[in-house]
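The values are calculated or read from the model by the stated rules, or taken from the named source; none is laboratory data. None of these values were measured; they are calculated from a predicted model. Reconstructed Cβ throughout: ideal geometry from the backbone, glycine too, with neighbour counts over all protein chains shown.
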Amino acid sequence: MAGFTTRTSHSAWRTMLALFASATVAAALAFSATGAKAEELLVRYDQSQLLRVPRPVSEIIIGNPTIADITVQSQKLLVVTGKSFGTTNLILLDNEKNVIQEARVIVLRDQSKVVNLQRGANRESYACSPRCNPTVTVGDHKEYFKTAAENAELKIKLSQGGSSGGQGGGQ
């Protein structure tokens, strides 16, 4: 009787090992089929970050281009810019449509030298380095945001000499 029990447990043990080995091989094949492991890429709002890739990229897929944008510097160097707060994803493909890299892109607020003025439910953001100046930040009160954006746009036009009110640039 003891010999029968031993054979059965050896047989069961071999079956379990075979199943475990099969599952391990299947998992390894599934992982290698994707070619890349998703990672998190943290980018600050209104700032850019370089992303170097191991081989040339031929196609870029970004889940929500209102959160982050990508510009190509070269086939192996990309620039990721945080456009709005939130999370999206990024998928980079080679010319054979193989995944080079996948990442979750998380756009965060840069808290250094930023002051938020809360007036009831309305928020205003200021960049303070060392003096505080209005800054355009998603989530600020609508009228404050509009005024700050218009002033920033006017400043850019003046610096380019494109204002209808004068030469700009001190000429």
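Scan the strands (runs of 3 or more DSSP E) fully inside segment 60-171 and keep the ones with 2 or more residues being out of contact with any helix residue (DSSP H, G or I) (no Cβ under 8 Å at 6 or more places or on another chain), of a type in the set (Asp, Glu) and exposed (fewer than 12 other Cβ atoms within 10 Å of the Cβ).
Working: elements: 68-74, 77-82, 86-93, 99-108, 114-119, 122-128, 132-134.
Qualifying strands (runs of 3 or more DSSP E): none found.
Inclusion of Glu143 among residues that are at pLDDT 90 or above and at negative phi is warranted. Gln49: under 19 Å from the mean Cα position of the chain (by Cα), part of a strand (DSSP E or B) and polar (S, T, N, Q), yes or no? For Gln49, the condition - under 19 Å from the mean Cα position of the chain (by Cα), part of a strand (DSSP E or B) and polar (S, T, N, Q) - is met. Checked against (1) closer than 26 Å to Asp140 by Cβ; (2) surrounded by fewer than 18 Cβ atoms within 10 Å (Cβ to Cβ), Arg55 passes all but a single condition, namely (1).
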